[in-house]
1. State which residue pairs qualify: first residue in contact (Cβ under 8 Å) with a residue 12 or more places away in the chain and surrounded by 14 or more Cβ atoms within 10 Å (Cβ to Cβ) and inside segment 45-70, second residue assigned to a helix (DSSP H, G or I) and among the aliphatic types (A, V, I, L, M) in any location, beta carbons under 6 Å apart, and separation of 6 or more residues or different chains.
2. Among 30, 97, which is in a helix (DSSP H, G or I), within 26 Å of residue 162 (Cα to Cα) and of a type in the set (A, V, I, L, M)?
3. Look through 16, 10 and report the one residue that is of a type outside the set (Ser, Thr, Tyr), at pLDDT below 95, out of contact with any Gly (no Cβ under 9 Å at 6 or more places or on another chain) and outside any loop (DSSP other than H, G, I, E, B).
4. Can you tell me which of (1) under 15 Å from the mean Cα position of the chain (by Cα); (2) open to solvent by 10 Å² or more (accessible area, probe 1.4 Å) is the one residue 157 doesn't meet?
5. Specify the residue that is farthest from residue 176 (Cα to Cα); the eligible residues are those in segment 121-145 that are open to solvent by less than 60 Å² (accessible area, probe 1.4 Å) and touching a strand residue (DSSP E or B) at 6+ places or on another chain (Cβ under 9 Å).
6. How many residues are touching a helix residue (DSSP H, G or I) at 6+ places or on another chain (Cβ under 9 Å) and part of a loop (DSSP other than H, G, I, E, B) if we restrict to segment 129-149?
7. Condition first: without any contact (Cβ under 8 Å) to a residue 60 or more places away in the chain, out of contact with any Phe, Trp or Tyr (no Cβ under 6 Å at 6 or more places or on another chain) and crowded, with 20+ Cβ neighbours inside 10 Å. Now tell me which residues in segment 1-41 satisfy that.
8. So if I check each of 47, 3, which one is of a type in the set (Val, Ile, Thr) and in contact with a Ser or Thr (Cβ under 9 Å, 6 or more places away or on another chain)?
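The values are calculated or read from the model by the stated rules, or taken from the named source; none is laboratory data. Predicted model, so just to flag it, every value in this text is computed and none were measured. Neighbour counts run over all protein chains shown; Cβ positions are idealised from the backbone, glycine included. Note: areas computed on protein heavy atoms with side chains; ligands, DNA, RNA excluded. Shrake-Rupley method; radii C 1.70, N 1.55, O 1.52, S 1.80 Å.
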Amino acid sequence: MLIAQGLACLRGDRLLFKNVDFELNAGGLMYVLGENGSGKSSLLRMICGLLMPEDGTVFWDNKKIKENAENYLSNLTYIGHLNGLKDDLTALENLYMSARSAGNEVTEDKALAALTAIGIGRCANLPARVLSQGQKRRVTLAKLWLTDGKLWILDEPFAALDVASVGVLAKRLGEHLSNGGMAILTTHQDVAINAQSTQTLRLSS
């Protein structure tokens, strides 16, 4: 179970949000909505432990994530709105190195299968610098075929994807949730995702 209690985020003199509470259980999907600048990305980073809240606490299995860091991080997969690819590495090299650095034991064959699953296998040996934004996004999202993490936190995962790729990713999310996983995501697109339970958190200061 993931629980947030009383989260608040301050940027300079501006309070982006306060009193944010939620609970997310196995099979649950949560959409984080709000206007641009409302703090959606900041909230996701806060849940990941990458940003300290002005107030409030995040719990994983009823323990503060700082006190339960090893267990929490081993179950966490975070994909931000930036792809974080190295331009001089191939799509395959980027995915393989990213997965290994996250502690996922993968082979190059498994990494290639993940790229193929999201429709980018043909670009596996191309350097990232020559890929389109949509292709780069798919390389990054291919991590979701290589992780055993229970909690996926995704910042605008459908951005820059074509219709076919949106469908493939939505199906993968549904599989993850049906297997007892959890997901939190931001999106400006209306995408149907099968989940045991769905909730919406709208941010406002």
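1. The qualifying pairs are 53/46; 58/47.
2. 97
3. 10
4. Unmet for residue 157, out of (1) under 15 Å from the mean Cα position of the chain (by Cα); (2) open to solvent by 10 Å² or more (accessible area, probe 1.4 Å): (2).
5. Ranking the candidates gives 127 first.
6. The number of residues fulfilling the criteria is 5.
7. 7
8. When all the criteria are applied, what remains is 3.
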